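S.K.: Before anything else, here's the structure in question.
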Amino acid sequence: MSFVFSIFMVMLFILIGEWVSKASHAYIPSVFITAILFVVSYWTFMPKTFVASASFGPQFAQICIALLLVHLGTLMSLKQLLKQWKAVCISLLGVCGTIALTLIVGHFFFNWKSVIAAIPPLTGGLVSATLMVTGLKAQGLTAFIALPVTMFVTHSIFGYPLTAALLKSESKRLLSNFSQAKAENPDLVTKVEDENQVTKKAVVPEGYSTSAYMITKVAAVALLAQLFGMLTHNFLNVNVVYLIFGVLAHQFGFLEDKVLEKAGVSNWLMYGLIAFVFSQLSVVTPNGMLSIIGEIIVLILLGMLGMFLASWALSKPFGMSWQMAFACALTSLFGFPADYIMTNEVANNVAQNEEEKNYLLNNMMPKMLVGGFATVSVASVIIASIFMKLL
């Protein structure tokens with residue numbers, strides 16, 4: 001009974017988040033509402049282990065990450081991925097702006113160690129928060145452990161709605177341009193869709209291309225990515241390698257377009273990963289959060305101001321709207337899967353038909369994903385490692 005109740009509660013929180021997002025036309029992202037529900041439930045009536053009881057533990061989360069990142073590689077072509085170097089530059093410069101402003105201003109008002117402990121999750125989300133908690137425990141600085149976790153919880157209050165609003169604004173701008181371009185060039189939609197599609201021949205007869213067959217291929221690509229990481233001594237973060245191998249497998253025709261969606265398991269894996277991420281909020285207590293919330297909010301506002309200034313400075317030279325540039329920089333707050341979920345939600349709510357939805361996703365999703373990977377999957381590991389040495 002407890003296992004069934006746990007899975008019911010996990011899915012109920014995710015469902016409420018989705019419905020609120022739908023009712024608000026994506027101005028309130030589902031992940032924000034779901035995060036709040038998880039925090040409140042931990043503080044009131046739910047046991048700390050209810051997500052694990054629903055079978056969404058660390059091992060399942062690792063499977064979700066591996067398979068979903070390979071799957072994401074089938075949503076874009078190699079040509080399109082390489083085009084996103086501007087999004088990478090803007091995202092990384094946004095992180096630099098955040099670090100500079102929070103360090104320079106923050107240390108005048110707050111304890112140096114508390115500032116160092118809180119900043120990495122602001123520039124790397126859960127990855128940095130986990131690394132900082134581990135580092136603080138190893139150094140015996142247990143009094144500061146609440147800072148990175150609380151930062152991870154709190155910045156979503158600002159980051160999720162702001163990113164959703166920016167993406168909605170960008171979507172409306174894109175659709176306005178799309179309508180005008182489509183009137184001038186009726187073949188535009190076909191050209192946009194062709195950029196993502198990869199011509200491939202069927203490897204097995206049509207009747208044999210089952211869900212199990214597609215999932216097996218995705219797992220095989222993930223396994224090859226892990227082996228590559230071992231052979232190269234993890235020179236690249238394994239999450240980045242998953243994505244690269246997914247793109248290559250798609251490009252060479254081994255994996256189908258949107259492979260896990262066709263297999264019917266992408267949503268389930270995404271829900272499992274969301275549940276695991278938010279289960280980390282169980283360590284935050286009301287008293288612990290209240291005692292440091294003022295410092296956290298000040299650092300968040302400073303960090304987001306630094307992100308905005310840096311991304312705004314690059315937006316015009318890089319031929320990108322300031323809204324899209326700022327949204328790319330904000331991916332450092334949360335990364336995958338939140339960047340993927342919010343972009344999808346906004347496209348679904350703003351677009352009037354499948355053509356418009358595809359156009360929005362083709363223009364926004366690669367920037368958001370690549371920006372998130374550059375900051376959360378790569379830069380966050382480096383930043384957290386450096387900051388742990390500054391403690």
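S.K.: If you check residue 26 against the conditions, is it at positive phi, of a type outside the set (Phe, Trp, Tyr) and either open to solvent by less than 50 Å² (accessible area, probe 1.4 Å) or modelled with pLDDT of 90 or more (or both)?
M.R.: yes
Here's the yes/no breakdown for (1) within 13 Å of the chain's Cα centre (by Cα); (2) within 25 Å of residue 34 (Cα to Cα):
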residue: 342; (1), (2): yes, yes
residue: 348; (1), (2): no, yes
residue: 352; (1), (2): no, no
residue: 358; (1), (2): no, no
residue: 361; (1), (2): no, yes
residue: 364; (1), (2): no, yes
residue: 368; (1), (2): yes, yes
residue: 375; (1), (2): yes, yes
residue: 379; (1), (2): no, no
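To keep it simple, each residue is scored yes or no on (1) of a type in the set (A, V, I, L, M); (2) more than 29 Å from residue 387 (Cβ to Cβ); (3) surrounded by fewer than 23 Cβ atoms within 10 Å (Cβ to Cβ).
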residue	(1), (2), (3)
54	yes, yes, no
57	no, no, yes
61	yes, no, yes
84	no, no, yes
87	yes, no, no
91	no, no, no
108	no, no, yes
117	yes, no, no
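S.K.: From the list 99, 90, 65, which residue is aliphatic (A, V, I, L, M) and at pLDDT below 85? Outline the logic, then answer.
M.R.: Details: 99 fails: at pLDDT below 85; 90 fails: at pLDDT below 85.
Matching residue, one of 99, 90, 65: 65.
S.K.: Against the definition (over 14 Å from residue 279 (Cβ atoms) and either at pLDDT below 90 or touching a Gly at 6+ places or on another chain (Cβ under 9 Å) (or both)), how does residue 16 come out, yes or no? Walk me through it before giving the result.
M.R.: Details: over 14 Å from residue 279 (Cβ atoms): yes; either at pLDDT below 90 or touching a Gly at 6+ places or on another chain (Cβ under 9 Å) (or both): no.
For residue 16, the condition - over 14 Å from residue 279 (Cβ atoms) and either at pLDDT below 90 or touching a Gly at 6+ places or on another chain (Cβ under 9 Å) (or both) - is not met.
S.K.: Additional query: If only one of 48, 79 is outside any helix (DSSP H, G or I), surrounded by fewer than 20 Cβ atoms within 10 Å (Cβ to Cβ) and charged (D, E, K, R), which one is it?
M.R.: The conditions single out 48.
S.K.: Among 67, 72, 103, which is in contact (Cβ under 8 Å) with a residue 60 or more places away in the chain, closer than 23 Å to residue 152 by Cβ and in a helix (DSSP H, G or I)?
M.R.: Only one candidate qualifies: 72.
S.K.: Still on this structure, please answer the following. Being open to solvent by less than 60 Å² (accessible area, probe 1.4 Å), touching a residue at least 40 places away in the same chain (Cβ under 8 Å) and more than 17 Å from the chain's Cα centre (by Cα) narrows it down to one residue among 319, 229, 303; which is it?
M.R.: Numbers: 319 fails: open to solvent by less than 60 Å² (accessible area, probe 1.4 Å); 229 fails: touching a residue at least 40 places away in the same chain (Cβ under 8 Å).
Among 319, 229, 303, only 303 is open to solvent by less than 60 Å² (accessible area, probe 1.4 Å), touching a residue at least 40 places away in the same chain (Cβ under 8 Å) and more than 17 Å from the chain's Cα centre (by Cα).
S.K.: Just checking, which of 199, 210 is loosely packed, with under 12 Cβ neighbours inside 10 Å and modelled with pLDDT of 85 or more?
M.R.: 210
S.K.: May I ask you to list the residues in the range 305-364 that are acidic (Asp, Glu) and closer than 25 Å to residue 239 by Cα?
M.R.: Taking the range 305-364 as the starting set, the residues that turn out to be acidic (Asp, Glu) are 339, 345, 354-356.
Those that are acidic (Asp, Glu) and closer than 25 Å to residue 239 by Cα: 339, 345.
S.K.: Across the range 142-178, which residue is nearest to residue 291 (Cα to Cα) among those that are among the polar types (S, T, N, Q) and at pLDDT 80 or above?
M.R.: Pass one, the range 142-178, residues among the polar types (S, T, N, Q): 142, 150, 154, 156, 163, 169, 171, 176-177.
The next check asks that each one be at pLDDT 80 or above; those that pass are 163, 169, 171, 176-177.
On the way: 163: 27, 169: 36, 171: 39, 176: 47, 177: 48 Å.
For the range 142-178, the residue satisfying everything is 163.
S.K.: Could you tell me whether residue 194 is modelled with pLDDT under 85 and either part of a loop (DSSP other than H, G, I, E, B) or basic (Lys, Arg) (or both)?
M.R.: Here the answer is no, as residue 194 does not meet what is asked.
S.K.: Still on this structure, please answer the following. Check residue 334 against each of (1) buried (at least 20 other Cβ atoms within 10 Å of the Cβ); (2) closer than 13 Å to residue 91 by Cβ; (3) aromatic (Phe, Trp, Tyr); (4) at pLDDT 85 or above and name the one condition it does not meet.
M.R.: (4)
S.K.: Still on this structure: Failed condition for residue 157, given (1) open to solvent by less than 20 Å² (accessible area, probe 1.4 Å); (2) hydrophobic (A, V, I, L, M, F, W, C); (3) out of contact with any helix residue (DSSP H, G or I) (no Cβ under 6 Å at 6 or more places or on another chain), with all others met?
M.R.: (1)
The values are calculated or read from the model by the stated rules, or taken from the named source; none is laboratory data. Note that the structure is a prediction, hence the values are computed from the model and not measured. Quick reminder, even Gly has a Cβ in these numbers, built from the backbone with ideal geometry, and neighbours come from all protein chains shown. In case anyone asks, the SASA skips ligands and DNA or RNA and just uses the protein heavy atoms, side chains included. Shrake-Rupley method; radii C 1.70, N 1.55, O 1.52, S 1.80 Å.
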